[in-house]
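Nothing in this text is a laboratory measurement; each read-out follows from the coordinates by a stated rule. Quick caveat, the model's predicted, so the values are computed rather than measured. Methodologically, a virtual Cβ is constructed for each residue, glycine included, from the backbone with ideal geometry; neighbour enumeration extends over all protein chains shown.
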Amino acid sequence: MASKKVTILGVPFDNFTHKEFVHTLEKRLQAQQKTFVVTANPEIVMYAHTHPEYADILSEADFITPDGIGVVKASRVLRTPIKERVPGYELMLDLLDVADREGHRVYFLGARQEVIEKLIETVPVKWPGMTLAGWHHGYFDHTDENMMAQVLSTQPDLIFVALGYPAQEQWIHDYMKQADRGLAMGVGGSFDVLSGTTKRAPKWVRKFHVEWLYRLVKQPSRWRRMLAIPRFLGSVRVQKKGKKVNPK
Ligand code: UDP
C-alpha cells in the first residue's frame with residue numbers, strides 16, 4: 001500500500017491512519033522486506049530543516065510517520081491535511097503485538113543499562129509469543145561496525161533503536177546498508193517509558209494534546225528543546241506563504 005506524501009518543511013510524511021500504518025508494516029514484515037521507519041515530531045522536522053545531512057538520511061526512509069499533533073496541525077495550515085497523528089510509542093506497541101502473534105525476532109538497542117535490563121524482563125511477560133533476538137544499551141560508539149555485526153548476527157525481524165535523534169536514524173541508515181532484511185525504527189525515549197522508568201503523560205493530558213506542557217513541568221531542563229515547536233509552526237506558515245524559509 002502506498003500513500004500520497006505530505007511534505008512539511010522538506011520532510012515527506014506518509015498519510016496513513018494509524019491502523020493503515022500497522023497493517024502496511026505487518027505486511028512488509030511478513031514479506032521480510034527491509035524497512036526503515038522514522039517517526040518524526042516537530043523537533044525532528046526542524047532538525048532536518050537545518051541539517052541537510054540529516055534530511056538526506058530521512059529521505060532514504062521507507063516511511064515517515066507524523067509523531068505528534070504539531071505535525072498534523074502544520075499539515076492543516078498547509079491545506080494538505082494528514083489523516084491523523086501516529087505516535088511512535090504506540091506504533092512500537094502495535095508492532096510488538098504483531099511480533100507476539102507472528103513469533104517475530106525482536107532486537108532492542110538503546111537506553112541506559114538499567115533501563116534495558118528492566119525492559120527485557122518486562123517485554124517477554126507482556127508479549128510471550130515474540131522471540132527476543134537480543135538487546136544492548138545505547139551508550140556505545142554509534143559508528144562501531146562490530147555493534148552492527150552483532151545485531152545482524154541475531155537475524156532480527158524488528159529492531160527498535162532508542163538512541164534519540166539524530167543518532168538513531170543515522171545508526172539505522174548505516175545498519176540498513178549491511179542488512180538484507182528487518183524493519184528498523186527509531187523510538188527515542190520509548191524504552192524509558194515501556195520499562196516503567198519514566199511515566200507516560202496521563203490519558204487526559206494526551207487527549208487535550210498538552211503533552212509538551214506536561215513534559216516541561218516534569219523535566220524543566222527540556223524547555224530549550226521545546227522552542228522547536230513554535231519555531232516549527234512559524235516556519236510552516238512561511239512555507240505556506242511560499243517564501244523561502246531561512247533555516248537559522
Ligand atoms: N540514549 C542512548 N545513547 C545515547 C544517548 C541517548 O541510548 O548516546 C537514549 C537515552 O537513554 C534515552 C533515549 O536515548 O532512552 C533518548 O530519549 P529522548 O526522549 O531524549 O529522545 P529524542 O526526543 O531525543 O529522540
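State which residue is surrounded by the most Cβ atoms within 10 Å (Cβ to Cβ) when the search covers only the range 1-19 and only residues that are more than 13 Å from Thr80 (Cβ to Cβ) and out of contact with any strand residue (DSSP E or B) (no Cβ under 9 Å at 6 or more places or on another chain).
Out of the qualifying residues, it is Gly10.
Which one of these does Ala111 not meet: (1) away from the ligand (no atom under 15 Å from the Cβ); (2) in contact with a Gly (Cβ under 6 Å, 6 or more places away or on another chain)?
(1)
Condition check ((1) more than 10 Å from the ligand (Cβ to nearest atom); (2) part of a helix (DSSP H, G or I)) across all residues:
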residue: Tyr107; (1), (2): yes, no
residue: Tyr139; (1), (2): no, no
residue: His142; (1), (2): no, no
residue: Met148; (1), (2): yes, yes
residue: Ile159; (1), (2): yes, no
residue: Ala184; (1), (2): yes, no
residue: Arg200; (1), (2): yes, no
residue: Val205; (1), (2): yes, yes
residue: Leu213; (1), (2): yes, yes
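Could you say which residue among Gly164, Gly129 is of a type in the set (Gly, Ala, Ser), away from the ligand (no atom under 16 Å from the Cβ) and either in a loop (DSSP other than H, G, I, E, B) or surrounded by 14 or more Cβ atoms within 10 Å (Cβ to Cβ) (or both)?
Checking each option against the conditions leaves just Gly129.
What helices (runs of 4 or more DSSP H), lying completely within the range 16-75, carry at least 2 residues that are touching a Lys or Arg at 6+ places or on another chain (Cβ under 9 Å), within 14 Å of the ligand (Cβ to nearest atom) and over 30 Å from Asp100 (Cα atoms)?
Once the helices (runs of 4 or more DSSP H) in the range 16-75 are filtered for at least 2 residues that are touching a Lys or Arg at 6+ places or on another chain (Cβ under 9 Å), within 14 Å of the ligand (Cβ to nearest atom) and over 30 Å from Asp100 (Cα atoms), what remains is 42-50.
Do we find that Ala55 is of a type outside the set (Lys, Arg), under 14 Å from Thr39 (Cα atoms) and surrounded by fewer than 19 Cβ atoms within 10 Å (Cβ to Cβ) in this structure?
yes
Which of the residues that make up the range 28-74 are small (Gly, Ala, Ser) and within 24 Å of Arg237 (Cβ to Cβ)?
Of everything in the range 28-74, those that are small (Gly, Ala, Ser) and within 24 Å of Arg237 (Cβ to Cβ) turn out to be Ala40, Ala48, Ala55, Ser59, Gly68, Gly70, Ala74.
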